[in-house]
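I have a structure here, written as structure tokens, and I will follow up with some questions on it.
The values are calculated or read from the model by the stated rules, or taken from the named source; none is laboratory data. Quantities reported herein were computed from a predicted structural model and do not represent experimental measurements. Positions of Cβ are generated from backbone atoms using ideal geometry, with glycine treated the same way; all protein chains shown enter the neighbour counts. Heads up: the accessible areas ignore ligands, DNA and RNA and are worked out on the full protein's heavy atoms, side chains in. Shrake-Rupley method; radii C 1.70, N 1.55, O 1.52, S 1.80 Å.
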Amino acid sequence: MVSIADYYAGKNVLITGATGFMGKVLVEKLLRSCPEVQTLYLLVRAKAGQSMQERVSDMMKCKLFDRVREDNPDFHQKIVPISSELTQPALAISPEDVERLTSCVNIIFHCAATIRFDEPLKHALQLNVMATQQLLNLAQQMHHLQAFIHISTAYANCNRRHIDEIIYPPPVEPKKLIDSLEWMEDSIVRDITPRLIGDRPNTYTYTKALAECVVQKESSKLSIGIIRPSIVGASWQEPFPGWIDNFNGPSGVFIAAGKGILRTMRANNDAVADLIPVDMVINLTLAAGWYTAVHRPKAALVYNCTTGGINPFHWGEIEHHVMSSFKRNPLEQAFRRPNANITSNYLMNQYWILVSHKFPALIYDLYLRLSGQKPQMMRIFNRLHKAIGLLEYFSSQDWEWNSENMNMLMSHLSPEDRKTFNFDVRQLNWPEYIENYCIGTKKYVLNEDMSDIPAARQHLRKLRNIRYTFNTLLLVFIWRVFIARSQMARNIWYFVVSLCFKFLSYFRASSTLTN
Ligand SMILES: CCCCCCCCCCCCCCCC(=O)SCCNC(=O)CCNC(=O)[C@H](O)C(C)(C)COP(=O)(O)OP(=O)(O)OC[C@H]1O[C@@H](n2cnc3c(N)ncnc32)[C@H](O)[C@@H]1OP(=O)(O)O
Ligand SMILES: NC(=O)C1=CN([C@@H]2O[C@H](COP(=O)(O)OP(=O)(O)OC[C@H]3O[C@@H](n4cnc5c(N)ncnc54)[C@H](OP(=O)(O)O)[C@@H]3O)[C@@H](O)[C@H]2O)C=CC1
């Protein structure tokens, strides 16, 4: 059977969400491991004052593409950005571009989505569901399309404990919901959102579940694969270990803990932390594209792309390895020494938030005010509390995903493809992966230099000394207050001092005698 790289040779690929975290890794891997691919059409919008061409050329300059650049300095010639705003009618693609795409695209990877957990329902529906429907409509006009790969999430059905590789009935008929929300004011939609999403934690998982149903409806007309990754983390091996470029999911939590800001979070130590490295997800995605195109399965195949059932690791272990990694490779200018603890106990968590988050923030802001600067720590903590509040649902419980299709796909790969497009999660060594992940947040998200580690360690020592001094002063102060107010405290104090004195005199006397 044709190998994966051979299949992609000469193919025209359409990718949405190419400027995002996973999209970038997909583009890079296709260019590097399938060098004969014909053209990558990227649907990109203008954003933040930058045209789509500027955004794509900035993207290609980033470090992620260093290895591709080495292999083929002209790789950018294979990339064709297409202007598209996915929330607009017909995806706002010009008629000329539609013509071009329909005449040549062979395979589509649909990665674009809003992954915000607090997205208003209408917008999440527009992007995650309606844009998917419009892309499917476009796909049906394509004369040479062989596969449509949709990126979903393993948490689309997080209201279930056991999740099979099937598409579950939708919580509501997507079209009916879209029609009925269309005329409603945003404030009304906001009010009814909790009732609509029901037992799902946010609009993200709800709309991703609806999107799967929209995709399934077209599966008789198109060859479809649905990839459901769990929590996508930094790369395992490719193109560099630990590559990551955002604060989403656990990355923001790791950084906040490494900076000594985050000290407590609600999570279950014993629950499975279903992290999966981005390069493994992308390898599986490309292999699924190949399999779908070559085998043309009759129904849409769903791939639960998870680690928990095969190579489980737990939040308690993650906490331990993240903390020890940041002690070995500290981040610059930490607020306090890294020392985060996770707990499933609500009251304990509230107590530590008060003592370890709010109290130091108050003191630091007071110091900033007194030194004529703008207070900022409380604001940072409020944002952090909002972010971790939204993540706690995922770190406090675990799920079981069936991953038979992932295993089936692996069994169809040649030994060579298994190496080049490796998604065998059994090979993951978690402590090593977490170490590289933490270093990756330092190098690629915070752009800190590894040569500054000795200075960062020195800073941690300084923080430790400040803490010891502060604790000693606090103890002495509390004790002084007690002694001044309570006869009993004074009596205990005199008793302890006289006991120490007696011991000292006894040792002095016995050492004089032995001499
Ligand atoms: C040692 C302990 C171990 C235990 C560790 C447990 C980890 C437990 C993870 C579970 C993870 C499940 C994940 C499901 C897997 C998917 O299926 S989907 C992918 C995951 N999706 C996400 O993570 C999106 C979550 N993020 C959001 O919804 C929004 O960013 C938030 C959190 C509501 C914040 O919204 P906002 O206040 O409007 O802020 P936003 O503009 O997004 O960002 C503001 C600033 O905060 C930063 N920021 C954003 N998010 C974060 C964050 N999480 N942290 C810190 N800073 C952040 C931004 O970079 C930005 O910085 P500046 O550019 O202003 O300097
Ligand atoms: N990250 C994770 O942990 C997980 C992600 N997933 C899924 O993987 C996919 C990719 O996620 P990830 O890369 O992390 O997400 P990102 O937020 O990093 O990327 C989202 C992409 O979608 C594009 N996009 C968003 N809105 C529009 C729009 N209106 N028009 C055109 N493009 C738009 C963004 O473009 P722009 O740069 O212009 O904003 C960006 O390229 C998503 O489908 C997500 O649901 C699934 C499980 C876990």
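In the stretch 414-489, which helices (runs of 4 or more DSSP H) lie fully inside it and hold 2 or more residues that are at pLDDT 95 or above and among the β-branched types (Val, Ile, Thr)? Full working, then the answer.
Details: elements: 415-420, 430-440, 453-485.
Where helices (runs of 4 or more DSSP H) fall fully within the stretch 414-489 and carry at least 2 residues being at pLDDT 95 or above and among the β-branched types (Val, Ile, Thr), they are 430-440.
Can you say whether VAL80 is touching a helix residue (DSSP H, G or I) at 6+ places or on another chain (Cβ under 6 Å), without any contact (Cβ under 8 Å) to a residue 60 or more places away in the chain and closer than 21 Å to VAL25 by Cα, as far as the supplied structure shows? Even if it seems obvious, please write down each step before you answer.
Working: touching a helix residue (DSSP H, G or I) at 6+ places or on another chain (Cβ under 6 Å): no; without any contact (Cβ under 8 Å) to a residue 60 or more places away in the chain: yes; closer than 21 Å to VAL25 by Cα: yes.
No: the conditions fail for VAL80.
On the basis of being over 24 Å from ILE318 (Cα atoms) and within 25 Å of the chain's Cα centre (by Cα), does ASN407 make the cut? Break it down into steps so the answer makes sense when it comes.
Working: over 24 Å from ILE318 (Cα atoms): yes; within 25 Å of the chain's Cα centre (by Cα): yes.
In short, yes.
Taking the residues in the stretch 180-226 that are free of Cβ contacts under 8 Å to residues at least 24 places away in the same chain and within 29 Å of the chain's Cα centre (by Cα) as candidates, determine which candidate is surrounded by the fewest Cβ atoms within 10 Å (Cβ to Cβ).
ARG195
Additional query: Take the conditions away from ligand 2 (no atom under 14 Å from the Cβ), acidic (Asp, Glu), in the same structural domain as LEU101 (by TED's automatic domain parsing) and not in a loop (DSSP other than H, G, I, E, B) and apply them to ASP199. Does it pass? Please lay out each step first, then the result.
Working: away from ligand 2 (no atom under 14 Å from the Cβ): yes; acidic (Asp, Glu): yes; in the same structural domain as LEU101 (by TED's automatic domain parsing): yes; not in a loop (DSSP other than H, G, I, E, B): no.
It is false that ASP199 is away from ligand 2 (no atom under 14 Å from the Cβ), acidic (Asp, Glu), in the same structural domain as LEU101 (by TED's automatic domain parsing) and not in a loop (DSSP other than H, G, I, E, B).
Let me spell it out: the conditions are (1) under 22 Å from GLY249 (Cα atoms); (2) of a type outside the set (Lys, Arg); (3) within 22 Å of the chain's Cα centre (by Cα), and HIS357 meets all of them except one. Which number is the exception?
(3)
Report, ordered by the first and then the second residue, all pairs with beta carbons closer than 8 Å, sequence separation of six or more or different chains, a first member in the stretch 334-345 that is within 21 Å of TRP315 (Cβ to Cβ), and a second member that is of a type in the set (Phe, Trp, Tyr).
Going by the 8 Å Cβ cut-off, the qualifying pairs are PRO338/PHE326; ASN341/TRP352; ILE342/TRP315; THR343/TRP352.
Next question. What is the residue count in the stretch 116-147 for residues that are closer than 30 Å to GLU185 by Cα and away from ligand 2 (no atom under 15 Å from the Cβ)? Let's see the steps before the verdict.
The initial filter retains those residues of the stretch 116-147 that are closer than 30 Å to GLU185 by Cα, namely 116-138.
Okay, now just the ones that are also away from ligand 2 (no atom under 15 Å from the Cβ), so 121, 137.
Qualifying residue count for the region: 2.
What is the one condition in (1) over 30 Å from LEU463 (Cβ atoms); (2) away from ligand 1 (no atom under 16 Å from the Cβ); (3) of a type outside the set (A, V, I, L, M, F, W, C) that SER230 does not satisfy?
Of the numbered conditions (1) over 30 Å from LEU463 (Cβ atoms); (2) away from ligand 1 (no atom under 16 Å from the Cβ); (3) of a type outside the set (A, V, I, L, M, F, W, C), the odd one out for SER230 is (2).
May I ask you to list the residues in the stretch 88-143 that are under 22 Å from ILE226 (Cβ atoms) and of a type in the set (S, T, N, Q)?
ASN106, THR114, GLN126, ASN128, THR132, GLN133, GLN134, ASN137, GLN140, GLN141
If I filter the stretch 29-37 for residues that are surrounded by fewer than 21 Cβ atoms within 10 Å (Cβ to Cβ), away from ligand 1 (no atom under 16 Å from the Cβ) and part of a loop (DSSP other than H, G, I, E, B), do I get at least one hit?
Checked the stretch 29-37: at least one residue is surrounded by fewer than 21 Cβ atoms within 10 Å (Cβ to Cβ), away from ligand 1 (no atom under 16 Å from the Cβ) and part of a loop (DSSP other than H, G, I, E, B).
Pick from the stretch 249-270 the residues that are within 16 Å of ligand 2 (Cβ to nearest atom) and under 21 Å from PRO312 (Cβ atoms): which of them is surrounded by the fewest Cβ atoms within 10 Å (Cβ to Cβ)? Can you show your working first?
Our first condition is that a residue be within 16 Å of ligand 2 (Cβ to nearest atom); within the stretch 249-270, this holds for 249-255.
Among the residues that remain, those that are also under 21 Å from PRO312 (Cβ atoms) are: 249-251, 253-254.
Working: GLY249: 19, PRO250: 25, SER251: 23, VAL253: 23, PHE254: 30.
Applying the filter and picking the extreme gives GLY249.
Could you list all residues from the stretch 132-143 that are farther than 23 Å from THR203 by Cα and crowded, with 19+ Cβ neighbours inside 10 Å? Write out each step before concluding.
Our first condition is that a residue be farther than 23 Å from THR203 by Cα; within the stretch 132-143, this holds for 137-143.
Hits for the stretch 132-143 are LEU138, ALA139, MET142.
Any residue in the stretch 235-248 that is within 10 Å of ligand 1 (Cβ to nearest atom), under 20 Å from ALA18 (Cα atoms) and open to solvent by 30 Å² or more (accessible area, probe 1.4 Å)?
Narrowing the stretch 235-248 to residues within 10 Å of ligand 1 (Cβ to nearest atom): 246-248.
Checking which are under 20 Å from ALA18 (Cα atoms) leaves us with 246-248.
From the residues that got through so far, the ones that are open to solvent by 30 Å² or more (accessible area, probe 1.4 Å) too are 247-248.
Scanning the stretch 235-248, I find at least one residue that is within 10 Å of ligand 1 (Cβ to nearest atom), under 20 Å from ALA18 (Cα atoms) and open to solvent by 30 Å² or more (accessible area, probe 1.4 Å), so the answer is yes.
Can you name every residue in the stretch 284-314 that is in contact with an Asp or Glu (Cβ under 8 Å, 6 or more places away or on another chain) and open to solvent by less than 50 Å² (accessible area, probe 1.4 Å)?
Selection gives ALA287, LEU301, VAL302, TYR303, ASN304, THR306, THR307, GLY308.
Determine if the stretch 293-313 includes at least one residue that is within 16 Å of the chain's Cα centre (by Cα) and near ligand 1 (Cβ under 9 Å from one of its atoms).
Among the residues of the stretch 293-313, not one is within 16 Å of the chain's Cα centre (by Cα) and near ligand 1 (Cβ under 9 Å from one of its atoms), which makes the answer no.
Before we move on, is TYR8 aromatic (Phe, Trp, Tyr), more than 16 Å from ligand 1 (Cβ to nearest atom), open to solvent by 10 Å² or more (accessible area, probe 1.4 Å) and touching a residue at least 60 places away in the same chain (Cβ under 8 Å)? Step through it out loud before you land on a result.
On the way: aromatic (Phe, Trp, Tyr): yes; more than 16 Å from ligand 1 (Cβ to nearest atom): yes; open to solvent by 10 Å² or more (accessible area, probe 1.4 Å): no; touching a residue at least 60 places away in the same chain (Cβ under 8 Å): yes.
No.
Any residue in the stretch 116-143 that is within 20 Å of ALA293 (Cβ to Cβ) sitting within a Cβ distance under 6 Å of a residue that is within 11 Å of ligand 2 (Cβ to nearest atom) and not in a helix (DSSP H, G or I)? List the pairs, counting only those 6 or more apart or interchain.
If the second residue must be within 11 Å of ligand 2 (Cβ to nearest atom) and not in a helix (DSSP H, G or I), the pairs left are LEU135/HIS110.
Going by the structure shown, is SER344 within 20 Å of GLY389 (Cα to Cα), more than 16 Å from ligand 2 (Cβ to nearest atom) and touching an Asp or Glu at 6+ places or on another chain (Cβ under 9 Å)?
Details: within 20 Å of GLY389 (Cα to Cα): yes; more than 16 Å from ligand 2 (Cβ to nearest atom): yes; touching an Asp or Glu at 6+ places or on another chain (Cβ under 9 Å): yes.
Against the criterion (within 20 Å of GLY389 (Cα to Cα), more than 16 Å from ligand 2 (Cβ to nearest atom) and touching an Asp or Glu at 6+ places or on another chain (Cβ under 9 Å)), SER344 qualifies.
Would a scan of the stretch 159-166 turn up a residue that is part of a helix (DSSP H, G or I) and of a type in the set (Asp, Glu)? Give the steps one after another, and end with the answer.
At the first step, the residues of the stretch 159-166 found to be part of a helix (DSSP H, G or I) are none.
The answer is no; no qualifying residue exists.
From ALA340, ALA334, grab the single residue that is open to solvent by less than 60 Å² (accessible area, probe 1.4 Å) and within 12 Å of ligand 1 (Cβ to nearest atom).
On the way: ALA334 fails: within 12 Å of ligand 1 (Cβ to nearest atom).
Matching residue, one of ALA340, ALA334: ALA340.
Still on this structure: Which helices (runs of 4 or more DSSP H) sit wholly inside the stretch 50-131 and have at least 1 residues that are among the aliphatic types (A, V, I, L, M), open to solvent by less than 50 Å² (accessible area, probe 1.4 Å) and within 16 Å of ligand 1 (Cβ to nearest atom)?
It comes to 121-124.
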